[in-house]
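Accompanying notes for the structure given below.
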Amino acid sequence: MTVFLLSCLCRVARAAAVLLSDPCFQLHSIQHLLGESELLSSFRAAPPSAEHKHFSLHTYTDYISPEEQQKVERMLSFLTNESKEAAASAAPTSEEDLCPICYAHPISAVFKPCSHKSCKACINQHLMNNKECFFCKATITGVDDYSKPPAS
Ligand SMILES: [Zn+2]
Ligand SMILES: [Zn+2]
């Protein structure tokens, strides 16, 4: 048991370096591997329920020394910070989010029925003398609010 767990932890540590350089890196897979801890539950915001405890290092404290457990948890907190920073550094306003008409305001309106987009200022001004979509010339029957879908 001890040997299995230690080699498992060792693999986790080695895998971390690889995972961090992988753009598809999923923190959840590491978290799943390590099981629940106080660190994880604070990161997940929701308090972990008993059913979610598939596997936990804390259950195996007889087999793993506190130092080893700490080492793993420190690595996890490092990974958590890294992925948070990666998410934060992803530019919130890319050029795709800017109104393609004026390039000055973020997209805030969706036209019906064609689903083309611009900012409110542009479409409101345009609709005063023209009901055709800027892009496809479809007759605009309505304008919906557009809010950027949350980045996943
Ligand atoms: Zn505009
Ligand atoms: Zn259109």
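If you go through segment 139-148 and keep only what is under 13 Å from Lys117 (Cα atoms) and either more than 15 Å from ligand 1 (Cβ to nearest atom) or of a type outside the set (Phe, Trp, Tyr) (or both), you end up with Ile140, Gly142, Val143, Asp144, Asp145, Ser147, Lys148.
Per-residue answers, yes or no, for (1) in a loop (DSSP other than H, G, I, E, B); (2) within 12 Å of ligand 1 (Cβ to nearest atom); (3) at pLDDT below 95; (4) open to solvent by 80 Å² or more (accessible area, probe 1.4 Å):
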residue: Ser83; (1), (2), (3), (4): no, no, yes, no
residue: Thr93; (1), (2), (3), (4): yes, no, yes, yes
residue: Glu96; (1), (2), (3), (4): no, no, yes, yes
residue: Val110; (1), (2), (3), (4): no, no, no, no
residue: Cys114; (1), (2), (3), (4): yes, no, no, no
residue: Gln125; (1), (2), (3), (4): no, yes, no, yes
residue: Lys137; (1), (2), (3), (4): yes, no, no, yes
residue: Pro150; (1), (2), (3), (4): yes, no, yes, yes
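The values are calculated or read from the model by the stated rules, or taken from the named source; none is laboratory data. All values reported here derive from a predicted model rather than from experimental measurement. As a convention, Cβ positions derive from the backbone with ideal geometry for all residues, glycine included, and neighbour counts pool all protein chains shown. Just so you know, the surface numbers come from the protein's heavy atoms only, side chains and all, with ligands and any DNA or RNA stripped out. Shrake-Rupley method; radii C 1.70, N 1.55, O 1.52, S 1.80 Å.
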